[in-house]
Amino acid sequence: MQLPIVLQRHSAVSLQSQLIGQIREFIVLDRLKPGSRLPGTRALSEQLRISRNTVLLAYDSLEIEGYIKTLENIGTFVVGKSPDLALRVEESPKSLNLLAHSKPSRPAAVTVAPASALKNEVCYDFELESSDPDLFPAAVWRRLMNRHMRSSKFNLTGDTSPLGFEALRSVICDFLGASRGMRICPEQVIIVTGIQQALSIIGHVYVNERTPVLIEAPGCAATGDLFRGYGAQILPVPIDQDGLLVHSLPPVKEAVIFTTPARQFPLGTPMKENRRKELLRWANETSSLIVEADYDSDFAYDGSPMPALYTLDAGDSVIHVGSFATSLGSGIRVGYMVVPPRLIDEIGKAATLFNHGFPCHGAAWIEQSILAEFIASGAFDKHLRMVRKAYLERRDTLISELSRHFGPVDVGGTSSGTHVVWRPPNELGDAKTIRQVGMSCGVAVYTLEDETIAGAENLPEWQRYLFLGYAAIKAPRIRAGISLLANTLRSPAPSLSMGPAL
């Protein structure tokens, strides 16, 4: 996993001391739980762009202080909040007996991605919010599934907890503490079948006829449709390069605000810290609820991911929702809600209705139990490192090819995620024209008029934005697709023939 560490390079405090202090704080505040595996020294040095020796010395210092323990050829693990709290690391992640917990519940996934009318004719698809099935950890997943099915605890006919498999809720706590800086307990975590189900539960509890629901614009189209179904009054709020424009929030009370602060969908920019604090202040003053959707924070390429908005919330105003759809694939229908303590009872009751309504009990708990062990054993961290490396190569290939064929490019949303935002040169025409030309030769790129996006008109010059996803298209096909698009755009009369498949 990537720790949300931010180093001040011009500070009088050395980078090593800052690193030691931040990791120590994560441990003391329980954001890194005893037994948690720390990133390898090479991985952390690459993430933070500092010398590996700096990380090694920081780890050595923390081990001398008694906060962490390094086991040769195994990894580095958290010992406890202080040197007095010893942990038997030898029995840590690999020996967790997650099968001892017999009652789980539901999995989750995200929404989106209707097919284009010309989908079957597309040869090179730069689809948004997709994943590469070739990168799914099939061998590990199959082994864990076989082991769980052979266990004496295996039972697909029994009832399940409406809030989720206990072991999964626990490991998600640890994972979010380490990767998002969230200090939470398992009782706050509710397992759902994806972000859309989480929003449905929130809508059921908090949205009535004419409830103001404030949504980033442009933003996710499915979100507005979902809340509109509960009678909400949808109020679009414009964004800029720093995120949602708090000063543009309407004068309403008791609203629901949907935001994607880690990586705004679809523009891909993170919300700045001062803007986050302004939003929290507004929510507290207006007795409003913030829904923070985190859909792809596992893929930060340039530095550390920002801590979740939830970590700044002192007023219990934020519900954090996430999913494993981007990191593992939408077929693993497991997601989660993290709810403030004051809302646990009412949201838990609503989740029970959604997950235990006769005759459907949601997805089988077997996937939850497998995922719990997959995360706790360190296999998920290993998978994320592998996928992050693959996606980084594809991102760099995409940017390089755009530059090679079109000259200096105006590209945004590059620091994380699985797609970039391209503002093509004026001489190529607007985004819609380029998309049409691309489709004529079998290359699919996307615009703000895509069915998954709403509120385009709130963005100045919205007709200039193109979106290219790179997660599900390998580097050789990225080169071929961009080359074909460039050649077709230069052609006086775009050919209707498709390019050769690689």
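The values are calculated or read from the model by the stated rules, or taken from the named source; none is laboratory data. Keep in mind that this is a model prediction, so the values were computed, not measured. Note that each Cβ is placed from the backbone with ideal geometry, even for glycine, and that neighbours are counted across all protein chains shown. Please note that ligands, DNA and RNA were not included when accessible areas were found on the heavy atoms of the full protein model with its side chains. Shrake-Rupley method; radii C 1.70, N 1.55, O 1.52, S 1.80 Å.
Observations
- Residues that are open to solvent by less than 30 Å² (accessible area, probe 1.4 Å), among the hydroxyl-bearing types (Ser, Thr, Tyr) and under 18 Å from the mean Cα position of the chain (by Cα) do not occur anywhere in the stretch 357-377.
- Residue within the stretch 137-158 that is touching a strand residue (DSSP E or B) at 6+ places or on another chain (Cβ under 8 Å) and open to solvent by less than 20 Å² (accessible area, probe 1.4 Å) present: no
- Only one entry of 316, 381, 298 meets the criterion of being outside any helix (DSSP H, G or I), open to solvent by 10 Å² or more (accessible area, probe 1.4 Å) and under 25 Å from residue 39 (Cβ atoms), and that entry is 298.
- Residue match in the stretch 225-233 (condition: in a helix (DSSP H, G or I), open to solvent by 40 Å² or more (accessible area, probe 1.4 Å) and more than 30 Å from residue 386 (Cα to Cα)): yes
- Test result for residue 237, touching a Leu at 6+ places or on another chain (Cβ under 9 Å), more than 30 Å from residue 23 (Cβ to Cβ) and assigned to a strand (DSSP E or B): yes
- Among (1) part of a strand (DSSP E or B); (2) touching a Lys or Arg at 6+ places or on another chain (Cβ under 7 Å) - the single one residue 287 does not satisfy: (1)
- Given (1) in a loop (DSSP other than H, G, I, E, B); (2) open to solvent by less than 10 Å² (accessible area, probe 1.4 Å); (3) within 24 Å of residue 136 (Cα to Cα), index of the condition residue 327 fails: (1)
- Residues in the stretch 396-455 that are buried (at least 18 other Cβ atoms within 10 Å of the Cβ), assigned to a loop (DSSP other than H, G, I, E, B) and charged (D, E, K, R): 1 in all.
Residue by residue, here is whether (1) free of Cβ contacts under 8 Å to residues at least 60 places away in the same chain; (2) closer than 14 Å to residue 54 by Cα holds:
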position: 3; (1), (2): no, no
position: 8; (1), (2): yes, no
position: 12; (1), (2): yes, no
position: 16; (1), (2): yes, yes
position: 23; (1), (2): yes, yes
position: 28; (1), (2): yes, no
position: 33; (1), (2): no, no
position: 41; (1), (2): yes, yes
